[in-house]
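The values are calculated or read from the model by the stated rules, or taken from the named source; none is laboratory data. This is a predicted model, so every value here is computed, not measured. Neighbour counts are summed over all protein chains in view; Cβ atoms, including those assigned to glycine, are modelled from backbone coordinates with ideal geometry.
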Amino acid sequence: MSEAAVSFRRVTKTFGSVIANSNINLDIKKGEILSLLGENGSGKTTLMNMLAGIYYPDSGQIYINDEPVIIKSPKDAFDLGIGMVHQHFKLIDVLTTAENIVLGLEGRLNLKDTEKKIKEICDKYGFEVDPQKKIYDLSVSEKQTVEIVKVLYRGAEILILDEPTAVLTPQETEKLFKVMRNMKADGKSIIIITHKLHEVKAISDRVAILRKGEFIGDMITSESNEEQMTQMMVARHLFLNIDRKKPVNVKPRIEVKGLTVKDPAGIYKLKDVSFTANSGEVLGIAGISGCGQKELLESIAGLQKVESGSVLYKPDDKEPVDLIGKDPRQIHEMGISLSFVPEDRLGMGLVGNMDLADNMMLRSFRSGKSKLFTDRKTPRELAKTVVRDLEVITPSIETPVRRLSGGNVQKVLLGREISSHPKVLMTAYAVRGLDINSSYTIYDLINKQKEGGTAVIYVGEDLDVLLELADRILVLCDGEVSGIVDAETTDKNTLGLLMTKKGGAA
Amino acid sequence: MIDLVAFIPRAIQQGIPLMYGSCGETITEKSGNLNLGIPGVMYVGGISGVIGSFFYEQSCAGKGMNGALAIMIPLACSLLGSLLMGLLYSFLTVSLRANQNVTGLAMTTFGIGFGNFFGGSLIKISGADVPSIALSATSGYFSRSLPFAGSLGWFGKIFLSYGFLAYTAVVISLLTAYVFKHTRMGLHLRSVGESPATADAAGINVTKYKYVATCIGCMIAGLGGLYYVMDYACGVWSNDAFGDRGWLAIALVIFTIWKPDIGILSSVLFGGLYILYLYLPTGMDHMELKELYKMLPYIVTLIVLIITSMRNKREDQPPQSLGTNYFREER
């Protein structure tokens, strides 16, 4: 049980001038679940990509079962019994589950045999997979299952899971952990990359910590606590408590009444949603993902076609106006400063191929020097300020945004949005995929906005954070409001119940 | 009424170059390469065959030609010419990651220029007084149909009156469709076109698939050019005669929703639409109607494009990575 299945020895990988991994020495033992912990950009995924054959190390040696090996391609990795489930699923939408599972294998294509073998694997470890379903018909957690089955189908003995729980509900996570324990009992070695400390505690035998591309140390999970792990991860002590001030000067800012949204297929995405968001307050929105959070924010931002209902914006000194039926530009021109930090940062929030300064300009390009020429200087200054104030790690402000890591992308986006001192700030999964340090920076920023009198709407997935950050929490379940609770007096269980039970408040 | 027994064989003969072109382009596009150089490739395929047979005919001047050689030499030259075009395109877009649209358009310009240059040179060498080269001997071998075709009436006329390259086109299209659907190679090729990163992670050699698919695609398309000169045009090469058939072949790929077996009938349909104006009585007063009829293939393509995007069925959409180059270590 104790011999090493995989050993990294002095492994180094650089991308241009950025050192992603330097001199890593790490062992993964047979039949253990190892958590790989580290901040964003600490090199966890890069390290694992080298094991999976996506990248090739610049120097150093990888050993499998004490044999030195060269892994030049994912195929080499499969041959050595290594399989990786990537954070972004590597599945082909238009192919069926079975076709995806056999992708890349050799020999005659025989889908009947494949389906039989898939069923055997599913029965053995407790999966549910329909081999004939097309990938585009599957839910996120089903896709993940397909990925894991794919890896097992190839006879992998060493499994790498890159942040597998980021997209799962608590129930689905529990299911995944059960399967992982089954695989461990079968003698497989599993490496799980995660940010969530309670999951590290729940599932892993040992935890290894990376920081800024270096291996910091490892420890037996059962003999360590979350405080220790966090310290090794970030090297400086963090206050785990979010500093939440009492809301002051609370006035209704956004009043949503009877909002109903249908998707193109005619299914209700939001049904009769009503609530008020106040200035100087953080309104948290909780719910299992896909319960209408996106549609709600987009309706307010003027991006969503609304069936019925109203969204009243109430300025301090003027009559309220209805935002429904107006597009973002009209809303902006009415002098309403509304900021929206969408879930899809590089898709909706920023342009990946443009640099930091130009991305800042996306907000201000209409107010140029004159009618003909744009003003490039102010956005440049703004980009510099954002980089400085929010500690964005970037080679320069001329760097394309897509080259930044997730946390830094989010800082750039949020920095731009709050620079206009919005009256309303909406964020969707603002800290998804971010490490603890960046997350706290974001929480701080949100709290500062609230103190400045902004009405903040914060859609979140981590209930602990919602409870500590928000003043009130609105819970969505299947597009309906199942309750609005006071964050200080409620607890996780209540929220969990509301999230899963329609009309749980009533 | 249109005389169908006369019209259908003409439509099929028009359709065969399109069948080759669209089948080749479909294979290429399935690997994620949008090769807009197909018109150029078909042109090069045609002229290469012409160069080969021109020199073979010259060398046999007066003496009898060997039938096998008369076919094999132009065929090999044509395949080689279009293979080189495929290699060039792959090298530029896959290895050097040049923009596919720009590369493709440049290759079309290049291919047509290449064809016209050598076409013009050959015309000069042959010293002909008309601006064309006639390779009627070679063409005789290419367009030879089954001996009993003539004795079978309308059936023979519609189904058996073509040279071997016409039947080869159908066989290649059917074979391609089978490979796409039922073999591992086809599965891998489709996955490369859909998502090269996924294919790469699954251990598929993306570069190899892109190169091979593009080169094979170009060679097949090049045969369309060869068929056009040797069979359809009776061995007569004149510069720019090939027309916009290459673009029509690319439009046909969309029309067939990337399915080569559908391509067989659709290319005949397109071939028919392409020459329909010759068969519709318009009279001398309404020549403008003829020009409108010439638009038919393109209008039909637009309609199909609208229908498929309205139905929004995932299987009918172009390969997802079409037109983009793949670089593994890009972050």
_Total residues in region A:350-396, condition of a type in the set (Val, Ile, Thr), under 22 Å from A:ALA20 (Cβ atoms) and surrounded by 16 or more Cβ atoms within 10 Å (Cβ to Cβ)_ = 3
*asked:* Could you check region A:285-311 and list, in sequence order, the residues that are touching a Lys or Arg at 6+ places or on another chain (Cβ under 7 Å) and on the phi < 0 side of the Ramachandran plot?
replied: A:GLU295, A:GLU307, A:SER310
*Where in region A:15-104 are there strands (runs of 3 or more DSSP E), lying wholly inside it, with at least 3 residues that are within 26 Å of A:LEU404 (Cα to Cα) and more than 8 Å from chain B (Cβ to nearest Cβ)?*
A:18-29, A:33-37
*Collect the residues in region B:275-307 that are in a helix (DSSP H, G or I) and over 26 Å from the mean Cα position of the chain (by Cα), keeping them in residue-number order.*
B:MET287, B:GLU288, B:LEU289
_Residue count for region B:177-234, restricted to those that are closer than 30 Å to B:ILE47 by Cβ and of a type in the set (S, T, N, Q)_ = 2
*In region A:120-147, which residues are polar (S, T, N, Q) and outside any helix (DSSP H, G or I)?*
A:GLN132, A:SER139
*Working carefully through the options B:LEU322, B:LEU302, B:LEU296, B:LEU278, find the one that is away from chain A (no Cβ under 14 Å), of a type outside the set (Ser, Thr, Tyr), over 19 Å from B:ARG10 (Cα atoms) and surrounded by fewer than 20 Cβ atoms within 10 Å (Cβ to Cβ).*
B:LEU302
*Test each condition in (1) within 14 Å of chain A (Cβ to nearest Cβ); (2) surrounded by 11 or more Cβ atoms within 10 Å (Cβ to Cβ); (3) at pLDDT 80 or above; (4) more than 20 Å from the chain's Cα centre (by Cα) for B:MET310 and report the one that comes out false.*
(2)
_Out of everything in region A:105-118 that is without any contact (Cβ under 8 Å) to a residue 12 or more places away in the chain and not in a loop (DSSP other than H, G, I, E, B), what residue ends up being farthest from the other protein chains (Cβ to nearest Cβ)?_
A:LYS116
*How many residues are touching a strand residue (DSSP E or B) at 6+ places or on another chain (Cβ under 9 Å), under 24 Å from B:GLY15 (Cα atoms) and hydrophobic (A, V, I, L, M, F, W, C) if we restrict to region B:30-69?*
2
_I need a count of the residues in region B:247-306 that are of a type in the set (Ser, Thr, Tyr) and free of Cβ contacts under 8 Å to residues at least 12 places away in the same chain._
1
_Residue under question is A:LYS411, and the condition is that it be touching a helix residue (DSSP H, G or I) at 6+ places or on another chain (Cβ under 8 Å) and either assigned to a helix (DSSP H, G or I) or of a type in the set (S, T, N, Q) (or both); does it hold?_
yes
*Select the helices (runs of 4 or more DSSP H) contained entirely in region B:130-215, then report the ones holding at least 3 residues which are closer than 30 Å to B:GLN317 by Cα and either within 14 Å of chain A (Cβ to nearest Cβ) or touching a residue at least 12 places away in the same chain (Cβ under 8 Å) (or both).*
B:164-182, B:184-194, B:196-201
